[in-house]
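The values are calculated or read from the model by the stated rules, or taken from the named source; none is laboratory data. In this text the structure is predicted, and so the values were computed from the model without any measurement. Methodologically, a virtual Cβ is constructed for each residue, glycine included, from the backbone with ideal geometry; neighbour enumeration extends over all protein chains shown. SASA here: full protein model, heavy atoms, side chains in, ligands and nucleic acids out. Shrake-Rupley method; radii C 1.70, N 1.55, O 1.52, S 1.80 Å.
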Amino acid sequence: MNEFIERYGPARVWAVTVALLAAIVTLAAIAFPQRVYVDLIWQYYWGPVVADAHGWREVAWAGGEQVHIDEAGPDDGPTASPGYTFVSYAGYIPTLILFLAGIVLLVRRLNIERYRAGFYALFPFMLFGGALRVVEDANVAAYRDTGELAIELPWSGFLISPLIYFTVFLVTLVAVVVSVWLDRNGYVSGYEYPLAGIGTVLLAATVGYLGWLAATEPYATFYPLLLTTTLVGATVATVVVWFAVDRFAPQINSGTMFMGFVVIWAHAVDGVANVIGLDWAVAFGHSQNLVPKHPVNEAIVNVTGSMLPASVVDVTGAAWPFLLVKLAAAVAVIWVFNEEVFEESPRYAVLLMITVVAVGLGPGTRDMLRATFGV
């Protein structure tokens, strides 16, 4: 196998593998539409996206009409619900690994240096991913309000997890290639400048679209104080933790340096956004508090609510431990990425750091903007 890869090159082998897998799945779906497409692909992969796009708890196949479960008959199965299953994980995890391999090969191919500069340049894209997901939340709000999707399927499906990860990845990939090309051809002094610029424009356009919805549509409302409180709260929490680490355990951030501050801030945004959205949204003008969208914060809220007396929860809320968990997890991560890790493999260390920030900032940005625009 190693000889085969060396002979044809890892990039070609990767590309051929992806093409073959795509062809096999496509041909199998054509040859066995009921067993492969309906009972497997639709039920476990596309059906959950359709349900999520409409805000339905369950969708039925119904001969291809894909209707809400309340409108389905006894013979309209199979059915699908938003979220993941063991079957969907069995498909998504290998796909993710395959794409990560492709990213590594691309970074090698482009021969990108100044890894830390690239880390900061990609920061707007992490915010953009969360903001783009809120566009789909607004799409669901539009469906609830009008009975029609503002962005129709299948296009809105690419804004729903997990497909949105591939959408943001492809957009970022194009931006990276363009930025490196501009750098190599002498148009800019560093690839990180156009890369950060492209990400900032995408983020501004997405948030601007949400702002336009809030100004023109009844199903969206702008809560500026909530946004300000989330950002200030996350920043204050990050500064406190950062200076505590720097004062009492400076070896923790010796490898990541200021990148560690970004990691902590990313996860602080997620933590503060959840605390405010789940417990205090009504204090900022919402008609009701938001509901958890992720199993971890839902479990923490349930455990806290069951352990503390109701009189205490009424004062403190039940989501605040989630912020502590996020801050502790962020500190643990930057502790793992010590100087030795960056010295031995700076490229992979920075790639992993980007992933860590995206894991916190993507959901955090979504939760923050979802509450900010009331969708």
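General observations
- Full-stretch length increase - Ala299, Thr85 - with 0.36 nm per residue and alpha-carbon distance subtracted: 75.2 nm
- Inter-probe distance in nm under a simple model that places probes 7 Å from Cα toward Cβ, at Leu352 and Ala249: 1.8 nm
- Using a probe of 1.4 Å, the accessible surface attributed to Val291 totals some 90 Å² when neighbouring protein chains are kept in position.
- Accessible area per residue (1.4 Å probe, heavy atoms of protein chains only) ranks Trp212, Trp46 as Trp212, Trp46, with the largest value leading.
- Within the chain, helices built from complete DSSP H runs that reach 27 Å or longer along their own axis (Cα positions) and carry a mean Kyte-Doolittle hydropathy of 0.0 or higher are 10-31, 86-110, 123-146, 163-184, 192-216, 224-248, 346-372.
- For segment 53-121, fraction of C-alpha pairs farther apart than 18 Å, in %: 62 percent
- Mean Cα-pair separation over length for segment 162-304, i.e. relative contact order, pairs under 8 Å, 6 or more apart, %: 15 percent
- Protection proxy ranking, peptides 258-271, 156-169, 68-81, average beta carbon neighbours within 10 Å, highest first: 258-271, 156-169, 68-81
- The longest part of the chain holding none of the exposed loop trypsin sites (Lys or Arg not before Pro), meaning those outside H, G, I, E and B in DSSP with at most 15 other Cβ atoms within 10 Å, is 115-375.
- Distance between modelled label sites at Ala15 and Asp145, nm, 7 Å Cα→Cβ extension: 4.6 nm
- Segments 118-125, 330-337 sorted - mean Cβ within 10 Å per residue, highest first: 118-125, 330-337
- Short-range pairs are left out: with C-alpha atoms under 8 Å and at least six residues apart, the relative contact order of the chain is 18 percent.
- Potential extension, Leu98-Asp314 segment - 0.36 nm per residue separation minus Cα distance: 73.1 nm
- Note on the chain: helix-only mean residue ellipticity at 222 nm, from DSSP H runs of 4+ residues weighted -39500 (n - 2.57) and normalised by residue number, equals -22500 deg cm²/dmol.
- Inter-label distance, Ala23 to Phe166: 1.8 nm, where each label sits 7 Å from its Cα along the C-beta direction.
- Subtracting the Cα-Cα distance of Glu217 and Asp75 from their residue separation scaled by 0.36 nm leaves 47.3 nm.
- Of all accessible heavy-atom area on the chain, the percent that carbon and sulfur account for (1.4 Å): 67 percent
- Cα lying deepest toward the dipole's positive end in the chain, options Ile160, Val356, Pro82, charges on Cβ: Val356
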